[in-house]
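Read through the structure below, which is laid out as structure tokens, and then see the notes.
What follows draws every value from the coordinates through simple rules; no lab data is involved. This structure is a prediction, so every number in the text was calculated from the model and none was measured. Here the Cβ positions follow ideal geometry from the backbone for every residue, glycine too, while neighbour counts run over all protein chains shown.
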Amino acid sequence: MKTMLKGIAASDGVACGRVYRLDEPDLHVSQQTITDLDYELNRFHQALEATVSEIETIKTRVNKNLGADRAQVFIAQMAMLKDQDLVGDVETRIREQHVNAEFAVALVSSTVEDELAELADNPYLQDRLTNWQTVAKRLTAHLLGVTLPDLALVNDPVIVVTHDLIASEAVAVNPKQVLGFVTDAGGRTSHSSILARSLNIPAVVGTQAATHELADGDLIVINGTQGNVMVGPTADEVTAARQTMAQRVKNQRRLKRLTHYETVSQDGVGVTLAANMGTVTDLPRVMASGAEGIGLLRTEFLYLDAQHLPTEDEQFAIYRQVLETLGSRPVVIRTLDVGGDKTLPYRPSQSEANPFMGARAIRQSLAHQQVFRSQLRALIRASAFGHLSIMFPMIATLDELRQAKAIYDDERSKLTAKRVPMGKIAVGMMVEVPAAALLADRFANEVDFMSIGTNDLIGYTLAADRTNQNVAYLYQPYHPAILRLIDNVISAGHAAGIPVAMCGEMAGDPIALPLLLGMGLDEFSMAPGSILKTRQRISQLDAHELASLAETTVNSASTSQEVVTMVQAAVPGVLK
Ligand code: PEP
Ligand code: MG
């Protein structure tokens, strides 16, 4: 019988395909005493062979689909399986301690972890630890007779279904392989949803029941615009879904003619439309999107999609590549924002009861200055190759801003003394903590620009975790309190003579657009796939008329619904 699962519309579009469950099976092992040692050693060797052949298959696929660079890590993993020290250690434990093979693997893992934890700052050893953990997990799965899912092992494109796509998995998603994704948990601005939008893949999150209701191979239709999942569609429904998919491609093609146009309202007010970039693989999409620059480069991908903390030179190469590709177009690169729903797989942080309110973003950078300084040096060096601005995330106090700027100035002076070539760099901050939004006039005097991060600003203002589906109803972008804060930031920026941008998801939201234009926002930065549609909408809007709509809304609306009604009444035709 057909069922419909309801979730949160996380990334527009319709997709029809077979389910691929990405959740890890239970890999818990317990100790058993072994009497037939030959049998156990043989079992271990069989699992070893199966793991080698599995990693070989993954390596070949990744090499073909994503290139030799991405396949390198599997060569290192194969080497671990042939490492006589590690393999020999497992064998010795089976033989001498008479324990089962999976338990012996777990014992070796914890020894390796203990030894390497002491040397956590060495990138080579971090790689070695992560590789061993990965192969140990595969070995254990084979020994337990369970399958460890891996998108690289899938032959046809699938719809990924998982409890929650963690950021380090999401950055590895290959859009050729993944038609869409559905999760139990999460919200519209969870980082996995943001990634789906940047890849232009439909997504429904926060369904609560997807992993309970859906099995591998089920045929489903997901609608990421409405936030629903149809399980077991009829032939007619599949045809209808395919037509919607084709229509979307046609619409996008039609908008292409706006790619090289400037962004100007009907009454001649120009604004900048920039792209948000979450992984370096977004670069071709950004270049084809019609963006006038990059308004937010989230540098986390460099740290998440790696086995170790990236070195200064590794970062420099990537920043340089982005800046050179963008040429004269401006690029705003944000310093590292880990914590919250983005944890580094190779650098387990202390678990926190409220990670979004914990040691995140600039707080981590100021606490781990070596990492921060190395990122700043890489950025300053890369500035010679394009038009760079740097911004700091999660600034809550002037002290934090001043400290971050002082460290930046220090690194800049040291590089200047060494005659390292560099360009002119604007230094700005994200306004995403209500305290900073309220005090925007004070901050505005100390930065070159401000960029409003509504994803967090909404969450913190309404005290509703952006990734928690239980409070998704409270996560309200059009809440009058949010509009007042945004209006305050824009006015404060303009009074101080600096530009104000928005790089939260609200910048690409059609209902918010007339209000933001009316408030005088200078730059809208959004998923590349939303740029042309937004350019078209702006060309149909009158910015001067919208200034009074924004003013009335900020001054008189009391609820989100009132705001929506006012916008719909003022610009009915533009929101389609
Ligand atoms: C934001 O908070 O709006 C933002 C752009 O930052 P992130 O989504 O990466 O937290
Ligand atoms: Mg943020």
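Computed FRET efficiency, Cβ-Cβ of Ala235 and Gln133, R0 41 Å: what is it to the nearest 0.05?
Efficiency at R0 = 41 Å is approximately 0.35.
Quick one: compute the contact order of the chain, relative version, from alpha carbon pairs under 8 angstrom and 6+ residues apart, as a percent.
Across the chain, relative contact order equals 15 percent.
Which order do the peptides 281-292, 375-386, 80-91 take when ranked by the mean count of other beta-carbon atoms within 10 Å per residue, highest first?
Listed from highest to lowest mean packing, they are 375-386, 281-292, 80-91.
Any idea which of Leu37, Leu139, Gln97 is furthest toward the positive side of the dipole for the stretch 37-144, if Lys and Arg beta-carbons carry +1 and Asp and Glu beta-carbons -1?
So the residue we want is Leu139.
Pop out the ³J(HN,Hα) list for the stretch 495-507 in order, Karplus 6.51 cos²θ - 1.76 cosθ + 1.60 with θ = phi - 60°, rounded to Hz; leave Gly and Pro as x.
4, 8, x, 10, x, 10, 10, 10, 10, x, 4, 4, 5
In nm, what is the difference between 0.36 nm times the number of residues separating Ala79 and Gln536 and their Cα-Cα distance?
159.2 nm is the gain from fully extending Ala79 to Gln536.
Taking the Cα centre of the stretch 37-144 as origin, sum charge times position over the Cβ atoms of Lys and Arg (+1) and Asp and Glu (-1), and report the length of that vector in debye to the nearest 20.
Here the size comes out at about 600 debye.
Does the stretch 182-316 come out rounded, prolate or oblate by the C-alpha gyration tensor, with a ≥ b ≥ c the root eigenvalues, rounded set by a/c under 1.5 and, if not, prolate when a/b is larger than b/c and oblate if not?
Verdict is oblate for the stretch 182-316.
Quick one: Glu115, Glu523, fewest Cβ neighbours within 10 Å first, how do they rank?
The most exposed by this proxy come first: Glu115, Glu523.
In the stretch 303-333, whose amide N lies under 11 Å from the spot 7 Å out along Cα-to-Cβ of Gln350? List them in ranges.
none
Cα gyration tensor of the stretch 175-228, axes a ≥ b ≥ c as square roots of the eigenvalues: rounded (a/c below 1.5), prolate (a/b > b/c) or oblate?
Oblate.
Strictly over 27 Å apart at the Cα level, which of Lys176/Lys250; Lys342/Lys414; Lys6/Lys59 would you flag in this model?
Lys342/Lys414; Lys6/Lys59
Return the aspartates and glutamates within reach of Lys533: Cα separation strictly under 12 angstrom, same-chain partners fewer than 8 residues apart disregarded; answer none if there are no such residues.
Candidates past the 8-residue exclusion: Asp509.
Using r as the Cβ-Cβ distance of His45 and Ala417, and R0 as 60 Å, what FRET efficiency do you calculate, to the nearest 0.05?
The formula returns an efficiency of 0.55 here.
Starting from the Cα-Cα distance between Thr225 and Gln72, subtract it from 0.36 nm times their residue separation and give me the gain in nm to one decimal.
Full extension from Thr225 to Gln72 adds 51.3 nm.
Measuring from label point to label point, each 7 Å out along Cα→Cβ, what is the Lys405 to Met357 span in nm?
Placing both labels 7 Å along Cα→Cβ, they lie 2.9 nm apart.
For a test of the definition: using alpha carbon positions, the gyration tensor, and the 1.5 limit on a/c, classify the stretch 37-144 as rounded, prolate or oblate.
Note, shape of the stretch 37-144 comes out oblate.
Given a Förster distance of 25 angstrom, what is the FRET efficiency for Ala569 paired with Leu398, based on the Cβ-Cβ distance and rounded to 0.05?
The pair Ala569/Leu398 has a calculated efficiency of 0.05.
Can you give the extra length, in nm with one decimal, that the chain gains between Leu116 and Leu27 once fully stretched, where that is 0.36 nm per residue apart less the Cα-Cα distance?
Extending this stretch completely gives an extra 29.8 nm.
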